[in-house]
Amino acid sequence: MSNSIVAGNWKMNGTITESLRLVSDMKDELHRIQGVTKILFPPAVALGSLANLVYASSIELGAQNMHYQPSGAFTGEISASMVKENCSWVLLGHSERRLFFHETDDDISQKLLAAVANNIKPILCIGENLGDRESGKTQQVIQEQVSKATSALQTISNLTIAYEPVWAIGTGKAATIDIIEETLGTLRSFLTSEWGDAGAKAPLMYGGSVNESNATIFGESEYIAGLLVGGASLDATAFVSLTRQFAAAKSS
Ligand code: PGA
């Protein structure tokens, strides 16, 4: 695995047929981009078909969510062992899960524990909303999200964190590089003081209106190890282009 990551979160977009087409359209070019781990998070129903399609390529797959129980009466949910059949990553605590599905920090903590116990690599999503930022509470909010989510873990050596300010998601208004660097810099100090070496090394990603015109700027920042891309990951040309730009910026 490379230290740099570009991940595409498709959210609830695309049938299995459409997912196969989208991956076919980006697969070869994406595969050839080196120096960056490329992960796609399609809807869970498409994971099996896509696992066959990306087999033997450098493209990795992940689930957008999972339940913490191993099995049982949880209608509509998927478990770690179901995720593991087709992929090795899982997104946890995305702001849309927190907002629309009332996921709590405690739920996310249990999910993280289940992911780690099952050798699934979690990407923990955190981020403040506009009110938090305007009232100067950004660090307090995101540190609390991290602390609560990781409270049951022994180490965070397998954890990747994606900083996604809620006000930047899907708005076309990405956070400025100054805001991101300030936030990630303070978050890094916090992680290091809490978790030592593992905290100093945990990859920190940025997400929120990432596109072809800002991927290079983000790639040039030493604070940003990866990008979590929503809307632009649904366009094969845009996603390949921004991944290429990010990889180029990281290697220069
Ligand atoms: P966006 O979404 O790139 O469409 O802003 C990012 C995300 O929700 O992960």
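The values are calculated or read from the model by the stated rules, or taken from the named source; none is laboratory data. Note that this is a predicted model, so its numbers are computed, not measured. Ideal geometry is used to build each Cβ from the backbone, glycine not excepted, and the neighbour counts take in all protein chains shown. Just the protein is used for accessible areas: all its heavy atoms, side chains included, with ligands, DNA and RNA removed. Shrake-Rupley method; radii C 1.70, N 1.55, O 1.52, S 1.80 Å.
Between Glu18 and Thr186, what is the label-point separation in nm under the 7 Å Cα-to-beta-carbon projection?
So the two model labels end up 3.9 nm from each other.
In the range 159-249, with Lys and Arg counted as +1 and Asp and Glu as -1 at Cβ, which of these residues, Ala200, Val166, Ser233, has the Cα nearest the positive end of the dipole, that is, farthest along it?
Of Ala200, Val166, Ser233, it is Ser233.
Counting each DSSP H run of 4 or more residues in the chain as -39500 (n - 2.57), what helix-only mean residue ellipticity at 222 nm follows after dividing by all residues, to the nearest 500 deg cm²/dmol?
Taking each H run of at least 4 residues, the total per residue is -13500 deg cm²/dmol.
Take each of the peptides 65-73, 4-12, average the number of other beta-carbon atoms within 10 Å over its residues, and list them starting from the highest.
Sorting 65-73, 4-12 by mean packing, highest first, produces 4-12, 65-73.
Normalising by the residue count of the range 102-252, find the relative contact order in percent from Cα pairs under 8 Å and 6+ residues apart.
21 percent
Assuming R0 = 25 Å, what is the FRET efficiency of Asp106 and Asn158, from their Cβ-Cβ distance, to the nearest 0.05?
Details: r = 20 Å, r/R0 = 0.81.
Step by step, r from the Cβ atoms, then E = 0.80.
Say a paramagnetic label sat at a point 7 Å from the Cα of Ser147, along Cα to Cβ; which residues of the range 117-133 have their backbone N under 20 Å from it?
Flagged as within label range: 124-129, 132-133.
Normalized C-alpha radius of gyration of the chain, against 2.2 N^0.38 Å?
It is 0.94.
Reachable lysines from Lys201, Cα under 20 Å, same-chain residues fewer than 8 places away excluded?
Straight-line reach from Lys201, under 20 Å: Lys38, Lys121, Lys148, Lys250.
Counting only complete DSSP H runs, which helices of the chain cover 20 Å or more along their long axis at the Cα atoms and score a mean Kyte-Doolittle of -0.5 or above? Show your work: numbers first, answer last.
Numbers: long enough: 16-32 (24 Å, -0.61); 177-195 (26 Å, 0.22); 236-251 (22 Å, 0.48).
The qualifying helices are 177-195, 236-251.
For the range 53-99 and the range 155-192, what is the centre-to-centre distance using only Cα atoms, to the nearest Å?
Going from one Cα centre to the other spans 22 Å.
At what distance in nm do the modelled label points of Ser81 and Asn52 sit from each other, each positioned 7 Å from its Cα along Cα→Cβ?
Reported label-point gap for Ser81 and Asn52 is 2.4 nm.
Using the Cα centre as the reference, give the magnitude of the dipole from point charges on the C-beta atoms of the chain (Lys, Arg: +1; Asp, Glu: -1; all else neutral), rounded to the nearest 20 debye.
Result for the chain is approximately 440 debye, rounded to the nearest 20.
Per residue, how much accessible surface does the chain expose to a 1.4 Å probe? Answer in Å², no decimals.
Ligands and nucleic acids excluded, the result is 46 Å² per residue.
Ser71 versus Thr171, label points 7 Å from Cα toward the beta carbon: distance in nm?
4.5 nm
Whenever you get a sec, compute what percent of the accessible area on the chain sits on carbon and sulfur atoms (1.4 Å probe). Working shown, then result.
Working: 5750 of 11500 Å².
Here carbon and sulfur together make up 50 percent of the probe-accessible area.
So for the chain, taking the charge dipole from beta-carbon charges (+1 Lys/Arg, -1 Asp/Glu), which of Asn13, Ser71, Ser157 sits furthest toward the positive end?
Value: Ser71.
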